[in-house]
Amino acid sequence: MKSVAEKPLPENIQGVLFDLDGTLIDSAPDLYGALLLQCKEEGVAEPAYEPVREVVSRGSREILRRGFPTRDEAGIRALVPRYLQLYEAVMAQQTRPFDGIVELLALLEAQGLAWGIVTNKNGFLTDELVRRLGWAGRARAVVSGDTLAVKKPDPAPVLLACEQAGLDPARCIFVGDDPRDVLAGAAAGLYTVAVSWGYLDGGNPWQWGADAVLEHPSQLAELLQRKALA
């Protein structure tokens, strides 16, 4: 594995904020499963998995475009409510934390560091998914795509999460698998980490201008452990 840390970690780190889908959890199988159910209902051919997985970070409309490529924008919008119903029904059936995430979160808690979630996912889905994952009592902040009038890459959701968790942005890390995460975190004044294990939306995380790029959650754990011992 390779990692790039262009900047040293902040002094006296207080906590770590994470994007959800593609960073903490692999939710693509359930998002894809909901799409297959809707395709069956609508009598259209099932799309392949990989093209859907690549775009799940863009949200439900982009996922639906992979299943219904001949529908216009109005047609796609009309499909969204049913898609969200289907997804809520199957949510967390196949969704799992990425390898190393469980251990990373346990390390943060053992070190007395707060952690939270900043996602563009709708709040009613985020809250229920976090509950089903057993994280509702552990995450110190959860900010969803509809918590505010703006979402990432605007820095406001990240700043709100810092406020909820009682974190100084200058002493906090933001981790994500999309350029929007890097932009939002940097604009909010956090140390930014891009990860290469997520969906990436076809992009290259080494080109997003993050303070660090990691290939596995264990690398962030190692950086934090070294910092604690320094």
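The values are calculated or read from the model by the stated rules, or taken from the named source; none is laboratory data. As the structure is a computational prediction, the values presented were derived from the model and not from experiment. When we count neighbours, we look across all protein chains shown, and the Cβ atoms used for this are built from the backbone with ideal geometry, even at glycine. Ligands, DNA and RNA are stripped out before the accessible areas are found, and what is left, the full protein with its side chains, is counted by its heavy atoms. Shrake-Rupley method; radii C 1.70, N 1.55, O 1.52, S 1.80 Å.
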Worksheet item: Across region 201-230, what is the total count of residues that are open to solvent by less than 50 Å² (accessible area, probe 1.4 Å) and either in contact with a strand residue (DSSP E or B) (Cβ under 9 Å, 6 or more places away or on another chain) or assigned to a loop (DSSP other than H, G, I, E, B) (or both)?
Response: 14
Item to complete: Identify, from the list Leu104, Leu36, the residue that is among the hydrophobic types (A, V, I, L, M, F, W, C) and either surrounded by fewer than 16 Cβ atoms within 10 Å (Cβ to Cβ) or out of contact with any Asp or Glu (no Cβ under 7 Å at 6 or more places or on another chain) (or both).
Response: Leu104
Fill in: Conditions (1) open to solvent by 70 Å² or more (accessible area, probe 1.4 Å); (2) at pLDDT 95 or above; number of the one not met by Glu50
(2)
Practice prompt. Select, from Thr70, Thr126, the only residue that is open to solvent by 20 Å² or more (accessible area, probe 1.4 Å) and either touching a Pro at 6+ places or on another chain (Cβ under 7 Å) or of a type in the set (Ser, Thr, Tyr) (or both).
Written response: Thr70
Worksheet item: Which of the residues belonging to region 82-109 are among the hydrophobic types (A, V, I, L, M, F, W, C) and over 24 Å from Gly185 (Cα atoms)?
Response: Leu84, Leu86, Ala89, Val90, Met91, Ala92
Fill in: Single condition Arg171 does not satisfy, out of (1) modelled with pLDDT under 95; (2) open to solvent by 40 Å² or more (accessible area, probe 1.4 Å); (3) over 24 Å from Thr95 (Cα atoms)
(1)
Worksheet item: Which one of these is surrounded by fewer than 17 Cβ atoms within 10 Å (Cβ to Cβ), touching an Asp or Glu at 6+ places or on another chain (Cβ under 8 Å) and free of Cβ contacts under 8 Å to residues at least 40 places away in the same chain: Ala136, Ala149?
Response: Ala136
Item to complete: Count, please, the residues in region 185-198 that happen to be in contact (Cβ under 8 Å) with a residue 40 or more places away in the chain, crowded, with 21+ Cβ neighbours inside 10 Å and not in a strand (DSSP E or B).
Response: 3
Worksheet item: Within the set of pairs 6 or more residues apart or between chains, which connect a residue that is touching a residue at least 12 places away in the same chain (Cβ under 8 Å) inside region 47-64 to a residue that is among the hydrophobic types (A, V, I, L, M, F, W, C) and open to solvent by 20 Å² or more (accessible area, probe 1.4 Å) with Cβ atoms less than 9 Å apart?
Response: Pro47/Leu36; Glu54/Leu200; Ser57/Leu200; Ser60/Val80; Ser60/Leu84; Arg61/Val80; Leu64/Val80
Worksheet item: Is it true that Leu9 is in contact with a helix residue (DSSP H, G or I) (Cβ under 8 Å, 6 or more places away or on another chain) and closer than 28 Å to Asp127 by Cβ?
Response: no
